[in-house]
Amino acid sequence: MNLNATIIGQLIAFAVFVMFCMKYVWPPITAILEERQNKIADGLEAAERAQRDLNLAQNKAADELRAAKQQGAELIELANKRANQIIDEAKDKARLEGQRLIAAAQAEITMETQRAREALRAQVAAIAVAGAEKILESTIDQAANEELINKLAAEL
Amino acid sequence: MGFWAINVDSMMISLLLGVLFLGLFRFCISKATSGKPGGLQNFIEIIVEMVQTNVKNTFFGKNDLIGPLALTIFCWIFLMNTMDLIPVDIIPLFAQWVAGDPHLYFKAVPTTDLNITAGFAIGVFFLIIYYSIKVKGLGAFLGEFAFHPFGKWALPLNLLLELPGFFAKFVSLALRLYGNFFAGEVIFLVIALLGYWQLPLHFGWSVFHILVVTLQAYLFMMLTIVYMNQAHQSSH
């Protein structure tokens, strides 16, 4: 085992190989590794962002749903109130109409009564005249009697 | 054989494995996506991320060379060490068959050749010196040896303490890897001489060496990163 020119040969080969490695092997591999690291980091970040967006959207959807429910409830309440109002109005109108009808009927009844009384009075007058004619059986001044009878009838 | 001889066996396998490593990575990059990775890309990304993490945790300077340097050292030395797990006879026998010489000596595991490990270590050592001077300046770099830890009046003592420590970096890188695998290979060879008993023993030693193969490649890489970090920071 003696040292000889192999050392020099190996030294040169070593230098050449290291230089080759430095130029053509190391940079592409490290570049690829770094690129992949960036890609993974980007992917993770995107996933996180998407998760955040999803949460935001879910919150928003829940808010909208709550608002819509509230609005619906308000509308229903309003509709109920309006319905009650309409019913009340209808009731009032019906009551007025009824009263009006009753009043009309009463007026008619009064009128009928009046008329019946007039008729009755006229008949009574006629009966009284007839009765008086029968009782007296004599000729009396028709005009004076008539006046007397009429006076009597007015008192009835 | 003089100094200018070249160990063709270890050099050849070393280059072959280096090309295999870079070729595999290049092949994978040509089909790589930043989307869902396939099996091979996953495997390569695991290695690169392991190296990247270690560099990030250990190296605090700013230097684009450290990552590729650490990756090349880890993968290349790992592949060389893995040759250790191929049964000891196969590659030498194949080489002898190719050469037509039954006495041909062929070393299948490049890291059992001190020249290869020293080649790595010298490369790293040069880089340490280069970046030390570049980052701290020549004066400060030499000053670390001359004026620490005892101040400028004990200059010889400082040199005596600091210089061995500095060169120990090189020696520890080269000799640790070499020693581990030379010894491991010798034990594989010894076990291979045992006849039928070699089968369970080979199995045991191979399982143990799976650990050693990875550990030594990792250690070489980590020490390189640590030394380069020291070169970028003033250590005192």
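The values are calculated or read from the model by the stated rules, or taken from the named source; none is laboratory data. Note that the structure is predicted; figures quoted are calculated from it, not measured. Virtual Cβ from ideal backbone geometry, glycine too; neighbours counted across all protein chains shown.
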query: Would the stretch B:176-187 turn up any residue that is crowded, with 21+ Cβ neighbours inside 10 Å, in contact (Cβ under 8 Å) with a residue 24 or more places away in the chain and either closer than 30 Å to B:G143 by Cα or in contact with a Gly (Cβ under 9 Å, 6 or more places away or on another chain) (or both)?
result: no
query: Does B:P164 satisfy the condition of being at pLDDT 85 or above and of a type outside the set (F, W, Y)?
result: yes
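Each row is one residue, and each column tells you yes or no for (1) within 30 Å of B:L201 (Cβ to Cβ); (2) crowded, with 21+ Cβ neighbours inside 10 Å; (3) polar (S, T, N, Q); (4) within 9 Å of chain A (Cβ to nearest Cβ).
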position	(1), (2), (3), (4)
B:A5	no, no, no, yes
B:F21	no, yes, no, yes
B:G38	no, no, no, no
B:G61	no, no, no, no
B:M80	yes, yes, no, no
B:P92	yes, no, no, no
task: Look at B:K107 and say whether it is of a type in the set (K, R), within 22 Å of A:I12 (Cβ to Cβ) and touching a residue at least 40 places away in the same chain (Cβ under 8 Å).
output: yes
task: For B:L194, state whether it is surrounded by 14 or more Cβ atoms within 10 Å (Cβ to Cβ) and either of a type outside the set (V, I, T) or more than 14 Å from chain A (Cβ to nearest Cβ) (or both).
output: no
query: Can you tell me which residue in the stretch A:1-48 is farthest from the chain's Cα centre (by Cα), limited to those that are within 22 Å of B:F74 (Cβ to Cβ), of a type in the set (V, I, T) and facing chain B (nearest Cβ under 8 Å)?
result: A:T6
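Here is a yes/no grid of residues against (1) of a type outside the set (D, E, K, R); (2) out of contact with any Ser or Thr (no Cβ under 8 Å at 6 or more places or on another chain); (3) not in a helix (DSSP H, G or I):
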{"site": "B:Q52", "(1), (2), (3)": "yes, no, no"}
{"site": "B:T72", "(1), (2), (3)": "yes, yes, no"}
{"site": "B:P92", "(1), (2), (3)": "yes, yes, no"}
{"site": "B:V98", "(1), (2), (3)": "yes, yes, no"}
{"site": "B:A108", "(1), (2), (3)": "yes, yes, yes"}
{"site": "B:T111", "(1), (2), (3)": "yes, no, no"}
{"site": "B:N115", "(1), (2), (3)": "yes, no, no"}
{"site": "B:Y131", "(1), (2), (3)": "yes, yes, no"}
- line: The one condition B:A168 fails out of (1) within 20 Å of the chain's Cα centre (by Cα); (2) surrounded by 12 or more Cβ atoms within 10 Å (Cβ to Cβ); (3) without any contact (Cβ under 8 Å) to a residue 24 or more places away in the chain is (2)
Identity of the residue in the stretch A:1-31, more than 18 Å from B:I13 (Cα to Cα) and polar (S, T, N, Q), that ends up surrounded by the most Cβ atoms within 10 Å (Cβ to Cβ): A:T30
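Looking at the stretch B:110-132, can you tell me whether even one residue there is more than 23 Å from the chain's Cα centre (by Cα) and free of Cβ contacts under 8 Å to residues at least 40 places away in the same chain? Step through it out loud before you land on a result.
Taking the stretch B:110-132 first, the residues more than 23 Å from the chain's Cα centre (by Cα) are none.
No: zero hits.
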